[in-house]
Amino acid sequence: MSDAAIIVNNLTFNYGYLKVIDDISLETPRGISFGLLGSNGAGKTTLIRLMVGLLKPAGGSILCLGKPPSPANARNIGYMPQLPSLYTELTVEQNIDFFARIYGLRDRQARSARVNDVIKLIDLVPKRKTQVIKLSGGMKQRVSLGCAIVHQPPLLFLDEPTVGLDPELRVRFWEHFESLTRAGNTLVISSHTMDDAAHCQQLAFMREGKIIALGSPAELRAATGKPDASLEDAFLYFIRRGEVQANV
Ligand SMILES: Nc1ncnc2c1ncn2[C@@H]1O[C@H](COP(=O)(O)OP(=O)(O)OP(=O)(O)O)[C@@H](O)[C@H]1O
Ligand SMILES: [Mg+2]
């Protein structure tokens, strides 16, 4: 089996006449955080939805842990959508327990222990019996993360997981993400913040359905030719370079 967590070849996807994913190829090694950065509408969510198998490509291929995305591979994959998709009439605990059950954690005792651990991790112990509808936006975000990680998948897709989190929780989330990658799991994380990007070992900058740059944060900064360039500078450098090339 290949050492790559994800292999995408010449992937395309359209919404009607709109080309949303335009011939994307990439390969992600296992055990890293892979960041997807791009402006609104660049195609990050669409790419993630293709990789988890919720959308069908118009062309090209995807392998996640050596297999095409399919329900049979779902237990190996965790997905936190950009907009939380929770059962808002159910409590925090019931939501996480529900996802644990559908991902096959059958043993009641083990499941209950794991649900407890996840509730502690997302710092919602006092709210465990509260209906999700009564939580703040950031708290819903935390429940959504809890549901995505409860079955401890080796490959985790997180669509803007740090949006709406307070700074302390953001730090705590990144500590947890780093413990997951240290244990050999692979994370794909979309974000708009360079703070998140700096935590990733590999980054893809996206624009209008294309990957315009791929590399480690240090490589992307170095590509600007400026020794003190920030990741923000690097992102703008590749965006502007694309505009110049498009206008030639
Ligand atoms: N269900 C849909 N029907 C039609 N067009 C869509 C649909 N979902 C997304 N799009 C379009 O696809 C393009 C990519 O959208 P996508 O949500 O993947 O971007 P994104 O990079 O995740 O943006 P954001 O940073 O705002 O979350 C946009 O032009 C968007 O308008
Ligand atoms: Mg998105």
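The values are calculated or read from the model by the stated rules, or taken from the named source; none is laboratory data. From a predicted model like this one, the values you see are computed outputs, not experimental measurements. Using ideal geometry, Cβ is built from the backbone for each residue, glycine included, and neighbour counts are taken over all protein chains shown.
Overview of results
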item: Leading residue by the ranking (nearest to ligand 1 (Cβ to nearest atom)) among those in segment 176-200 that are farther than 25 Å from V150 by Cβ and in a loop (DSSP other than H, G, I, E, B); result: H192
item: Qualifying residue in segment 221-232 (condition: buried (at least 19 other Cβ atoms within 10 Å of the Cβ) and under 15 Å from L37 (Cβ atoms)); result: yes
item: Verdict on R111 being assigned to a helix (DSSP H, G or I), of a type in the set (K, R), more than 16 Å from ligand 1 (Cβ to nearest atom) and in contact with an Asp or Glu (Cβ under 9 Å, 6 or more places away or on another chain); result: yes
item: Qualifying residue in segment 37-58 (condition: among the polar types (S, T, N, Q) and more than 16 Å from ligand 2 (Cβ to nearest atom)); result: no
item: Close pairs (7 angstrom Cβ cut-off, 6 or more residues apart or separate chains): within 16 Å of L86 (Cβ to Cβ) and among the acidic types (D, E) in segment 135-164, surrounded by 24 or more Cβ atoms within 10 Å (Cβ to Cβ) and at pLDDT below 95 anywhere; result: none
item: Segment 35-51: number of residues that are out of contact with any Lys or Arg (no Cβ under 9 Å at 6 or more places or on another chain) and either within 11 Å of ligand 1 (Cβ to nearest atom) or at pLDDT below 95 (or both); result: 8
item: Segment 201-213: number of residues that are away from ligand 1 (no atom under 16 Å from the Cβ) and either crowded, with 19+ Cβ neighbours inside 10 Å or at pLDDT below 95 (or both); result: 1
item: Flag for P69 being crowded, with 19+ Cβ neighbours inside 10 Å and over 26 Å from T193 (Cβ atoms); result: yes
item: Residue in segment 93-101 that is more than 27 Å from P167 (Cβ to Cβ), aliphatic (A, V, I, L, M), surrounded by 13 or more Cβ atoms within 10 Å (Cβ to Cβ) and within 24 Å of the chain's Cα centre (by Cα) present; result: yes
item: Subset of segment 52-75 [more than 18 Å from T28 (Cα to Cα) and either at pLDDT 95 or above or within 16 Å of ligand 1 (Cβ to nearest atom) (or both)]; result: L54, L55, K56, P57, A58, G59
item: In segment 44-71, the residues that are of a type in the set (A, V, I, L, M) and over 16 Å from L155 (Cα atoms); result: L55, A58
item: Subset of segment 102-138 [of a type in the set (A, V, I, L, M) and in contact with a Gly (Cβ under 9 Å, 6 or more places away or on another chain)]; result: V115, V118, I119, L121, I122, L124
item: Residue that is surrounded by the fewest Cβ atoms within 10 Å (Cβ to Cβ) [pool: residues in segment 174-200 that are hydrophobic (A, V, I, L, M, F, W, C) and closer than 23 Å to A42 by Cα]; result: A198
item: Filter result for Y79 (of a type in the set (S, T, Y) and crowded, with 22+ Cβ neighbours inside 10 Å); result: yes
item: Residue in segment 121-135 that is under 21 Å from the mean Cα position of the chain (by Cα), surrounded by 22 or more Cβ atoms within 10 Å (Cβ to Cβ), not in a helix (DSSP H, G or I) and not polar (S, T, N, Q) present; result: yes
item: Within segment 9-34, tally of residues that are surrounded by 15 or more Cβ atoms within 10 Å (Cβ to Cβ), closer than 24 Å to M194 by Cβ and either more than 13 Å from ligand 1 (Cβ to nearest atom) or modelled with pLDDT under 95 (or both); result: 7
